[in-house]
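Visitor: Pasting a structure here, questions to come.
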Amino acid sequence: MSRTDPEFWARARRARDRLADQFLSHPEVSLIDIGYDLDSEGIAATEYIVLRVHVRRPSAAQALGLPEKVDGIPVHVVVADYKLE
């Protein structure tokens, strides 16, 4: 399936919304989005679109019990504690 396919993006948005409904109110979760998979250095691997759950601490990912995939789209964790500058 092409990543420019409107059906893929509609499915990705529904999957993101399902994750947000379930996890966004958790105090360790700061953001849930759709984006490119990031490698260990934070560089985007532009071939892979994933659901990204941004958590404030690495330990939060395990405590949340996130699914590996939602509607066939991989769920990845990004550890980042965003603050206003």
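Laboratory data are not the source of any read-out in this text; all were calculated from the coordinates shown. Just so we're clear, the structure is a prediction, and the values are computed from it rather than from any experiment. Using ideal geometry, Cβ is built from the backbone for each residue, glycine included, and neighbour counts are taken over all protein chains shown.
Visitor: Spin-label point model (7 Å from Cα, Cβ direction): what's the PHE8 to SER25 distance in nm?
Guide: In this crude spin-label approximation the distance works out to 3.3 nm.
Visitor: For the chain, what value does the Rg/Rh ratio take when both radii are computed over Cα atoms and Rh is the Kirkwood radius, given to two decimals? It would help to have the intermediate numbers written out before the result.
Guide: Numbers: Rg = 12.8 Å, Rh = 13.3 Å.
Radius of gyration over Kirkwood radius for the chain works out to 0.96.
Visitor: Hey, can you rank 53-65, 73-85 by average C-beta count inside 10 Å, highest first?
Guide: The most tightly packed comes first, giving 53-65, 73-85.
Visitor: Once every DSSP H run of n ≥ 4 in the chain is given -39500 (n - 2.57) and the sum is divided by its residues, what mean residue ellipticity at 222 nm do you get, rounded to the nearest 500 deg cm²/dmol?
Guide: Value at 222 nm, helices only: -9000 deg cm²/dmol.
Visitor: Note the full-extension length gain between ASP37 and VAL79 as 0.36 nm times their separation in residues minus their Cα-Cα distance, in nm to one decimal.
Guide: Details: separation 42, 0.36 × 42 = 15.12 nm, distance 1.32 nm.
Contour length minus the Cα-Cα distance gives 13.8 nm.
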